[in-house]
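Undergrad: Sharing a structure below in structure tokens format, with a few things to ask.
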Amino acid sequence: MLEKIAHWLTRKPSLVLLIAVLLMIPSALGYVATRVNYDILSYIPADLPASRGEKLLEDPFNMAATNMLIVEGMPAGYANELVNEIKNVEGVSNALWLSNLVGVQLPVDMIPAQFRDMFFSGDATMMIIQYDHPGASNETMTAIGNVRKLCNEKCFLAGFSVVTKDTRDIMEGELPLFIGLAVLLGLVSLSLCLESTVLPAVLMLSIGVAVVYNLGTNVLMGEISFITKAIAAVLQLGVTVDYSIFLYHRYVAERPNYPDRRDAMAQAVLAAFRSLTGSSLTTIAGFLALCFMRMTLGRDLGIVMAKGVVLGVMTVILVLPSMLLAFDSLIEKHRHKILIPSFHKINLRIIRHHLFFVAAMAVIVPPALYASSRAEVYYQIDAPFRRLSPLS
């Protein structure tokens, strides 16, 4: 059965590529339709006290989406006008400041201490803003953006939903940048290791097809986390690129054995399927192990990445052979010497002096374990934003 599939794939490369391109259309639509969840708290187990407390804040108190707005060095009249404008923002349920309690005309020194300490610190004053919808909802994100438009450079928003808003904005703005950078660096590394200037682009194109399929089929999950969205494409590229290289090298090895290059590719597909099936299963198992985390963020990432590996192997077996056959003449025409030096002599030395390297490893492991135990881990989701302006 597999032999017949491999034979058909190598005889109909144009049809295979057409089908692959057509499948990218629903995948692209699925990617657009997939909701991205930026609420990290939604992945915490529901039985934890923090989850129950968050639920109580949201219902019945409707206070889960509450922000603090700090205004520095501005007169009371400005703060009073600002709080009234914020109340009229769509999605804002309430905005509370000193004027709601004692009036804006009363001098600060005459304000009761309990109110003064609550709303003032030096030349800064604080407002409390509540929203109609949950903290990570699209409506709240839009409302936060509209509130910021009303503020000047001396106003600073704080709160978990603000961190969520900043995370969302940075992700949407920088995701194409670091995916493009990953592709560029991948092309450079493949160009150094492979013997053709065209081949890296072909291999990267096949990986790109698999990534599009994976991101598009995420719509079947309903939503994915923003962390999964950020790393899935780059991680899939790094994990599955070896599969493409293996198929090509197997094809090159089979070429002298067959007068028809299509037969050589069919044999390469058979060999690649047997090898990649076993190799990919260990990777898939590793990602699926994340599904057993109590924090369901692991399940989200594990399913997406396991699916990405499966689709990566399928693309290598089903689509890449047609790509290689279609661009075979260009690949051969633009061949060059491998640019990285040979490690043959180094390999021989390692084998001959293997006892020395085993001893060296034994010496290195203890300090490495000690250093690892001393490495600090931070859990503050807002840590990356501390050097950024809240209004940037």
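Undergrad: Looking at Arg255, Arg250, which one is in the same structural domain as Asp328 (by TED's automatic domain parsing), of a type in the set (D, E, K, R), outside any strand (DSSP E or B) and buried (at least 18 other Cβ atoms within 10 Å of the Cβ)? Quick ask: steps written out before the conclusion?
TA: Values: Arg255 fails: buried (at least 18 other Cβ atoms within 10 Å of the Cβ).
Going through Arg255, Arg250 in turn, just one is in the same structural domain as Asp328 (by TED's automatic domain parsing), of a type in the set (D, E, K, R), outside any strand (DSSP E or B) and buried (at least 18 other Cβ atoms within 10 Å of the Cβ): Arg250.
Undergrad: Taking the stretch 1-18 only, how many residues are modelled with pLDDT of 85 or more, loosely packed, with under 14 Cβ neighbours inside 10 Å and of a type in the set (A, V, I, L, M, F, W, C)?
TA: So the answer is 3.
Undergrad: A follow-up question, please. What do you reckon, is Gly159 surrounded by 15 or more Cβ atoms within 10 Å (Cβ to Cβ), small (Gly, Ala, Ser) and in the same structural domain as Leu69 (by TED's automatic domain parsing)? Let's see the steps before the verdict.
TA: Details: surrounded by 15 or more Cβ atoms within 10 Å (Cβ to Cβ): yes; small (Gly, Ala, Ser): yes; in the same structural domain as Leu69 (by TED's automatic domain parsing): yes.
In short, yes.
Undergrad: Let me ask something else. Within the stretch 237-247, is even one residue free of Cβ contacts under 8 Å to residues at least 60 places away in the same chain and within 18 Å of Ala28 (Cα to Cα)?
TA: Yes: the stretch 237-247 contains one or more residues that are free of Cβ contacts under 8 Å to residues at least 60 places away in the same chain and within 18 Å of Ala28 (Cα to Cα).
Undergrad: Between Ser279, Ser206, Ser196, Ser275, which is under 27 Å from the mean Cα position of the chain (by Cα) and modelled with pLDDT under 90?
TA: Numbers: Ser206 fails: modelled with pLDDT under 90; Ser196 fails: under 27 Å from the mean Cα position of the chain (by Cα); Ser275 fails: under 27 Å from the mean Cα position of the chain (by Cα).
Unique residue meeting the criteria: Ser279.
Undergrad: Scan the stretch 17-31 and report the pairs whose first residue is in the same structural domain as Leu320 (by TED's automatic domain parsing) and whose second residue is not in a helix (DSSP H, G or I), with Cβ atoms within less than 8 Å and a gap of 6+ or a chain change.
TA: Leu17/Val319; Ala20/Val319
Undergrad: Identify, from the list Val21, Val36, the residue that is modelled with pLDDT of 85 or more, outside any helix (DSSP H, G or I) and on the phi < 0 side of the Ramachandran plot. Step through it out loud before you land on a result.
TA: Working: Val21 fails: outside any helix (DSSP H, G or I).
Residue meeting the stated conditions: Val36.
Undergrad: So, one more: Only one of Arg387, Arg294 is modelled with pLDDT under 85, out of contact with any Ser or Thr (no Cβ under 6 Å at 6 or more places or on another chain), in a loop (DSSP other than H, G, I, E, B) and of a type in the set (D, E, K, R). Can you tell me which?
TA: Just one listed residue meets the conditions, Arg387.
Undergrad: I would also like to ask the following. Name, by its number, the condition in (1) without any contact (Cβ under 8 Å) to a residue 60 or more places away in the chain; (2) surrounded by 21 or more Cβ atoms within 10 Å (Cβ to Cβ) that does not hold for Val183.
TA: Looking at each condition in turn, Val183 falls short on (2).
Undergrad: Another question about this same structure. Evaluate the stretch 299-314: report whether one residue or more is under 20 Å from Glu254 (Cβ atoms), in a helix (DSSP H, G or I), of a type in the set (A, V, I, L, M) and modelled with pLDDT of 90 or more. Steps first, answer last, please.
TA: Going through the stretch 299-314, the residues under 20 Å from Glu254 (Cβ atoms) turn out to be 313.
Subset that is in a helix (DSSP H, G or I): 313.
Restricting the remaining residues to those that are of a type in the set (A, V, I, L, M) gives 313.
If we keep only those that are modelled with pLDDT of 90 or more as well, we get 313.
Yes: the stretch 299-314 contains one or more residues that are under 20 Å from Glu254 (Cβ atoms), in a helix (DSSP H, G or I), of a type in the set (A, V, I, L, M) and modelled with pLDDT of 90 or more.
Undergrad: Does any residue of the stretch 340-347 turn out to be of a type outside the set (D, E, K, R) and touching a helix residue (DSSP H, G or I) at 6+ places or on another chain (Cβ under 9 Å)? I'd like the intermediate steps shown before the answer.
TA: Just the residues of the stretch 340-347 that are of a type outside the set (D, E, K, R), to begin with: 340-344, 346-347.
Restricting the remaining residues to those that are touching a helix residue (DSSP H, G or I) at 6+ places or on another chain (Cβ under 9 Å) gives 340.
Yes, because at least one residue in the stretch 340-347 is of a type outside the set (D, E, K, R) and touching a helix residue (DSSP H, G or I) at 6+ places or on another chain (Cβ under 9 Å).
Undergrad: Residues in the stretch 69-88 that are surrounded by 19 or more Cβ atoms within 10 Å (Cβ to Cβ) and not in a strand (DSSP E or B): how many? Show your work before the answer.
TA: Here is the first cut: in the stretch 69-88, the ones surrounded by 19 or more Cβ atoms within 10 Å (Cβ to Cβ) are 69, 71, 79, 82-83, 86.
Filter again for not in a strand (DSSP E or B), leaving 79, 82-83, 86.
Looking only at that region, the number is 4.
Undergrad: Does Ala95 fit the bill of being at pLDDT below 80 and within 18 Å of Asp132 (Cβ to Cβ)?
TA: Details: at pLDDT below 80: no; within 18 Å of Asp132 (Cβ to Cβ): yes.
No; evaluated as a whole, the condition is false for this residue.
Undergrad: Would you say Leu237 is crowded, with 21+ Cβ neighbours inside 10 Å, in the same structural domain as Ser279 (by TED's automatic domain parsing) and assigned to a helix (DSSP H, G or I)?
TA: Numbers: crowded, with 21+ Cβ neighbours inside 10 Å: yes; in the same structural domain as Ser279 (by TED's automatic domain parsing): yes; assigned to a helix (DSSP H, G or I): yes.
It is true that Leu237 is crowded, with 21+ Cβ neighbours inside 10 Å, in the same structural domain as Ser279 (by TED's automatic domain parsing) and assigned to a helix (DSSP H, G or I).
Undergrad: If a residue must be in contact (Cβ under 8 Å) with a residue 60 or more places away in the chain and either small (Gly, Ala, Ser) or over 20 Å from Val313 (Cα atoms) (or both), how many such residues does the stretch 263-295 contain?
TA: 4
Undergrad: Output yes when any residue across the stretch 190-199 is closer than 16 Å to Ala95 by Cα and either surrounded by 16 or more Cβ atoms within 10 Å (Cβ to Cβ) or in contact with a Gly (Cβ under 9 Å, 6 or more places away or on another chain) (or both), and no when none is. First the steps, then the outcome.
TA: Of all residues in the stretch 190-199, those closer than 16 Å to Ala95 by Cα come to none.
No, the stretch 190-199 has no match at all.
The values are calculated or read from the model by the stated rules, or taken from the named source; none is laboratory data. Given the structure is predicted, the values throughout are model-derived calculations rather than measurements. Reconstructed Cβ throughout: ideal geometry from the backbone, glycine too, with neighbour counts over all protein chains shown.
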